[in-house]
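Notes follow the structure.
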């Protein structure tokens, strides 16, 4: 009787605010059966323990009662049940043995009590761990839900992509001895495309569907090939990053929407550490097409402005040269004509003719001096020399040409020697030289396959103590320099470009020579043109450092 | 009366050259000397204006671009001062708007350096001829004015009527005097103006009217 009274308020509610309706009813029905069974079993054990002469620790069977009832009781209920069982055991013991029990009975009594206590402790611990497990589970479910909602609601385009097939492919290639994936792609032009077919989109968010002009995110599922333009070098860059085992990839890529528009996106990928996680790689993208477009227009406007101001400068310069030169030239012509007049007289006035001839020579020399001076001014005028690390200038130039490089789907590989002495020159002038040479390289590769469009710019230190100079080598993978062009390459006004002025390389060479260096061009054994310039290292800096 | 020698030297043409380039000045001077024309050089328009004036016939050879007052500005200034000496412009580079402006303002010619010597000499000769003619005309006008100054007011009235082609009788009626008095005045006019025929008188009256 007392047990029933104790039970009622102590019933555990394993799912607070959780299940309801039929399931709750089923649970409570089962619980009732459990409790009934426990009650019966408990009574039976008590009866047997108290009123029969069965020797043995019958009370140990209370453990069964506790196990049966435990599931339906809270922690407090379990403690009370254990106490109840212990009380019954004591009662039975006193009833059957009285106060003068033998040692074995005492022992059995002790074992029973211990068993009840241990069971109670175990049940309590079990319940604690069950509860914390449940809490953790709930937290996990909540976190999963939160992340799902972040993924779905984010205004950034997010993709879950299955890279596992491509990863296997890359692993296989590595096992076959492929070290340089970029080189492999050059030999197998279809390779990046093949990979694009193997990368599958598992899931995308709404922002992605919007970006791709899809009516629902589920339409994005499947190989990503259809969203990638044919010659975008970004895919190969991603594959190279994967092959090199990098944990992140960040870069610029192109996407084709379902209505055929080509977008420029910034792309970020975190590659997982574990091989089996490559099945769901999260890729984030931000559309920068508009920004890029504005940037391009800005660059075009700047280039146009630069061209216009160059033209204006050339115009003003030629006008001033024309005016300056015209004076002595006019005098030269007049003197020569007057000289002829003196000689043509009858008799000829030789003395006057000589004076006129002398003036002719004098004014001719003056004209030559003006030409010399103007040329000197042109080269020297706008120079402001400083100590320069050529690696920095190369880096800046690559950055400046980013748009041009992207527009021509060209990659730049820079190779810097670990220690480069500084040189003394005008930073802007050198930048102009690099821009010129690199742009030439980019344009030379328009006929080259997209995957192979690679511009290598390397900066090397002095080859030895007797050649203290810094060398910069720019190598493209275009068609190289034809023999008939090679001889005239650096001549002013020689051009192979439509609409070109033919001044670029001529100016480059004179700039480099101004700083005591030299600029040469040759063809690479493996194809493509190589432009190399060497500038003397700054001796003072080399000694002090 | 001036002596014939003084008159001859005063009549010898003199060319003024204004150019900031000494080589050009020297060459031009020698070129003109080779054909017997005397010249005087100035490095700027200022120097020219500061120089003592001369009554010798001749012309100006100006560079369009000059330090300080430009050739074109000098041309405008001389026009305001009623200096009719002809101007020949030179320029380092053919500038069409500038040459149009100079020619409209009455320049003799506009030569682009370097020019043919003969072209320059021809223009200089033409300019000197023009200046001489202008000077003769001016001198004649001056003489006529002096003659006209000697006429009495009545004689001046009679001359004006005669030049208009009126007959003595008409003039008498117009001025309210007798025909004989008109004839007397008319005789005095012809004498004072040093003319023998009415036609000559008309020509002199035209010079006066200028």
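What follows draws every value from the coordinates through simple rules; no lab data is involved. Source: prediction; values computed, not measured. Don't worry about glycine lacking a Cβ; one is built from the backbone with ideal geometry, like all the others, and counts go over all protein chains shown.
Below, the figures for the structure above:
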| read-out | value |
| --- | --- |
| Between region A:73-92 and region B:34-88, the alpha-carbon center distance in angstrom | 136 Å |
| Stokes-Einstein D in µm²/s, Kirkwood radius over Cα pairs - region B:171-210 at 10 °C with 1.306 mPa s viscosity | 145 µm²/s |
| Using alpha-carbon coordinates, inclination of helix A:289-344 to the longest axis of chain A, degrees | 10 degrees |
| Prolate/oblate/rounded call for region A:84-241, Cα gyration tensor, a/c under 1.5 rounded | prolate |
| Residue-averaged 222 nm ellipticity for chain A, from DSSP H runs of 4+ at -39500 (n - 2.57), nearest 500 | -19000 deg cm²/dmol |
| Ranked list, fewest to most other Cβ atoms within 10 Å of each Cβ, for A:399, A:188 | A:399, A:188 |
| C-alpha center-to-center spacing [region A:212-229, region B:160-210] in angstrom | 114 Å |
| Relative contact order for region B:150-209, counting Cα pairs under 8 Å that sit 6 or more residues apart, in percent | 37 percent |
| Peptide B:18-28 - average C-beta neighbours from other chains (10 Å radius) | 6 |
| Relative contact order (%) - chain A, alpha-carbon pairs under 8 angstrom, separation at least six | 8 percent |
| Inter-chain shielding of A:336-344 (mean C-beta neighbours from other protein chains, 10 Å cut-off) | 5 |
| Packing-based order for A:91-97, B:145-151, using average beta carbon neighbours within 10 Å, highest first | A:91-97, B:145-151 |
| √(5λ) per eigenvalue of the Cα gyration tensor, region A:386-544, largest first, Å | 26, 18, 15 |
| Average projected area [Cα convex hull, chain A], square nanometres | 48.7 nm² |
| Normalised per residue, the volume of the convex hull around the Cα set of region B:93-210 (Å³) | 131 Å³ |
| Cα Rg, Dmax, region B:4-135, angstrom units | 13.9, 46 |
| Sum of -39500 (n - 2.57) over DSSP H runs of 4+, divided by residues of chain B (222 nm, nearest 500) | -18500 deg cm²/dmol |
| 0 to 90° range, to nearest 10: angle between helix A:234-243 axis and chain A longest Cα axis | 50 degrees |
| Acute angle (nearest 10 degrees) that the helix A:75-97 long axis makes with the longest principal axis of chain A, alpha-carbon atoms | 30 degrees |
| Cα centroid separation, region A:131-193 to region A:319-345 (Å) | 82 Å |
| Region A:154-287 shape via C-alpha gyration tensor axes, a/c threshold 1.5 | prolate |
| Inter-chain shielding of B:114-120 (mean C-beta neighbours from other protein chains, 10 Å cut-off) | 4 |
| Normalised convex hull volume, region A:206-249, alpha-carbon set, Å³ per residue | 101 Å³ |
| Overall form of region A:293-380 per C-alpha gyration tensor (a/c, 1.5; a/b vs b/c) | prolate |
| Contact order normalised by residue count of chain B, Cα under 8 Å, 6+ apart, percent | 14 percent |
